[in-house]
1. Could you tell me which of the residues Ala179, Ala219 is more than 19 Å from Pro104 (Cβ to Cβ), in contact with a strand residue (DSSP E or B) (Cβ under 9 Å, 6 or more places away or on another chain), buried (at least 19 other Cβ atoms within 10 Å of the Cβ) and of a type in the set (Gly, Ala, Ser)?
2. Go through the stretch 187-210 residue by residue and tally those that are of a type in the set (A, V, I, L, M, F, W, C) and over 14 Å from Tyr78 (Cβ atoms).
3. Give the residues of the stretch 160-206 that are out of contact with any Gly (no Cβ under 9 Å at 6 or more places or on another chain), aliphatic (A, V, I, L, M) and touching a residue at least 24 places away in the same chain (Cβ under 8 Å), sorted by residue number.
4. Give, as residue ranges, the strands (runs of 3 or more DSSP E) completely inside the stretch 12-95 that count at least 1 residues that are buried (at least 18 other Cβ atoms within 10 Å of the Cβ).
5. Kindly check whether there is at least one residue in the stretch 191-206 that is assigned to a helix (DSSP H, G or I) and under 17 Å from the mean Cα position of the chain (by Cα).
6. Considering only the stretch 240-267, state which residues are surrounded by fewer than 20 Cβ atoms within 10 Å (Cβ to Cβ) and in a loop (DSSP other than H, G, I, E, B).
7. Of everything in the stretch 152-171, what is of a type outside the set (A, V, I, L, M) and open to solvent by less than 20 Å² (accessible area, probe 1.4 Å)? Give them in sequence order.
8. Within the stretch 108-122, does at least one residue satisfy the condition of being open to solvent by less than 10 Å² (accessible area, probe 1.4 Å) and in contact with a helix residue (DSSP H, G or I) (Cβ under 6 Å, 6 or more places away or on another chain)?
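The values are calculated or read from the model by the stated rules, or taken from the named source; none is laboratory data. Computed from a predicted structure; not experimentally measured. Please note: Cβ atoms are built from the backbone with ideal geometry, for glycine as well, and neighbour counts cover all protein chains shown. Each accessible area value is taken on the protein alone, full model and side chains, heavy atoms only, with ligands, DNA and RNA left out. Shrake-Rupley method; radii C 1.70, N 1.55, O 1.52, S 1.80 Å.
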Amino acid sequence: MKIGILPNHGERRTRMKYIRYRYEGKTSYGVLDGKSIKEIDGGLFGDKLETGVSIELDSVELLWPCEPSKILAVGLNYKSHLGDRPAPQRPEIFIKPPSALLEPGGKIRIPDGAQDAHYEGELVLVVGKEAQRVSPPEAAGCIFGFTCGNDVSERYWQKNDLQWWRAKGCDTFAPLGPAIVAGFDWTQGRIETRINGSVVQSGEFKELLFNPPFIVSYASQHMTLLPGDIIYTGTPGHTKMLKDGDQVEVEIPGIGILRNAVVASKEST
């Protein structure tokens, strides 16, 4: 099965997998049913009406699964990632531009001058309703679903630049997908990142210092979140530098596997 999407067999009936794809020059949303896609009309946050068109998964080009107006991300959200640093008192949020998005199967491009670009496998939440100054219980109802993400980060720039605009926001630094799963129980979920088949990160979402509804609530006190906006929720454990030719896999059982290859600039060191 292409791009690591897991089949729906054995999942709860309330769990739905949504993808965004291109087929014969047309971009559409669809519901994934095993190896088949059922095209839907009305978008992810509208009617989601099935058109009657069914397409085989292997025949389409997968795209990042939603179109956010903004991307937020949380740093230092696992104790295993803190090292000697104290735990934050609130979610430490930064912004990545939508231009950093990368589709499943796309190539992470390490730009000229980069010295220390790292992977960060993460659970990503997708906002489904406008959220403005909502409480955590209200925020839970504003989350449409979850997907896999990789918050690619250039550590040298992160430490030495005044802002993180290029450390976190370069083109291809936000791989996302392959599917958004509505009805995913994040409280029972886990994540694993692999480089060239070897496990380099693993964690359980119950270890999050700030959980998804709390993150949405906190962010919404300061910034209105819109349907389709996404939030990378943090990475567990430790990270290392990506190298030219690396194959990166971020797997969340029940959602799928986000696979991307790495291409480094000749000027990168």
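1. Ala219
2. Number of matching residues: 3.
3. Across the stretch 160-206, the qualifying residue is only Ile195.
4. On the way: elements: 16-23, 26-33, 36-41, 49-56, 61-63, 71-75.
Hits in the stretch 12-95: 16-23, 26-33, 36-41, 61-63, 71-75.
5. In the first step, residues of the stretch 191-206 are kept if they are assigned to a helix (DSSP H, G or I); the result is 205-206.
Narrowing the set further to residues that are under 17 Å from the mean Cα position of the chain (by Cα) leaves 205.
There is at least one residue in the stretch 191-206 that is assigned to a helix (DSSP H, G or I) and under 17 Å from the mean Cα position of the chain (by Cα).
6. Answer for the stretch 240-267, where residues must be surrounded by fewer than 20 Cβ atoms within 10 Å (Cβ to Cβ) and in a loop (DSSP other than H, G, I, E, B): Lys240, Lys243, Asp244, Gly245, Asp246, Pro253, Ser265, Lys266, Glu267.
7. Once the filter is applied, which keeps residues that are of a type outside the set (A, V, I, L, M) and open to solvent by less than 20 Å² (accessible area, probe 1.4 Å), the stretch 152-171 yields Ser153, Glu154, Trp157, Lys168, Gly169.
8. no
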